[in-house]
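These notes concern the structure reproduced below.
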Amino acid sequence: MKQAIVARTDVGMGTGKLAAQVAHASLSAYEKADERDRRAWKTGGQKKIVLKGSGERELHELASIADREGLANAIIRDAGHTQLEPGTVTALAVGPGPEDAVDRVTGDLSLF
């Protein structure tokens with residue numbers, strides 16, 4: 001089991017903002033996953049990776065692929081209280097789900 005979080009590299013998030021957005025994405029997708037996948041991921045060490053996303057369009061395209069694969073996913077939009085404009089898409093989490101299924105969605109992306 002695995003979860004992949006794709007964070008945008010084109011919006012200029014600081015390190016703290018990036019960490020917060022990745023955390024929001026991870027938890028949001030976890031909450032959308034079915035109980036079996038949540039349990040398997042939690043008991044298996046909660047494997048996750050953070051990957052580079054080039055822009056909002058790419059995150060939406062990956063979310064559509066995740067939907068077709070039947071994987072829980074969550075697109076995160078910033079509230080706009082600090083560095084970004086309200087509604088800016090910052091991250092996408094895919095999974096938790098079977099590692100091979102998550103890799104079919106995000107396997108071509110570079111590690112952050």
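What follows is calculated from the coordinates using simple rules that are stated; it is not laboratory data. Only a predicted model underlies this, so the values are computations on that prediction, with no experimental measurement involved. Backbone-built Cβ (ideal geometry, glycine too); neighbour counts: all protein chains shown.
Determine, yes or no, whether ASP67 is surrounded by 19 or more Cβ atoms within 10 Å (Cβ to Cβ) and farther than 23 Å from ALA20 by Cα. Judged against the criteria, ASP67 is not a match. If the condition is being surrounded by fewer than 17 Cβ atoms within 10 Å (Cβ to Cβ), of a type outside the set (Lys, Arg) and touching a Phe, Trp or Tyr at 6+ places or on another chain (Cβ under 7 Å), then the stretch 15-62 contributes no residue at all. Within the stretch 70-112, restricting attention to residues that are charged (D, E, K, R) and surrounded by 11 or more Cβ atoms within 10 Å (Cβ to Cβ), the residue that is nearest to GLN3 (Cα to Cα) is GLU99. Considering (1) touching a strand residue (DSSP E or B) at 6+ places or on another chain (Cβ under 8 Å); (2) free of Cβ contacts under 8 Å to residues at least 24 places away in the same chain, the lone condition that PRO98 does not fulfil carries the number (2).
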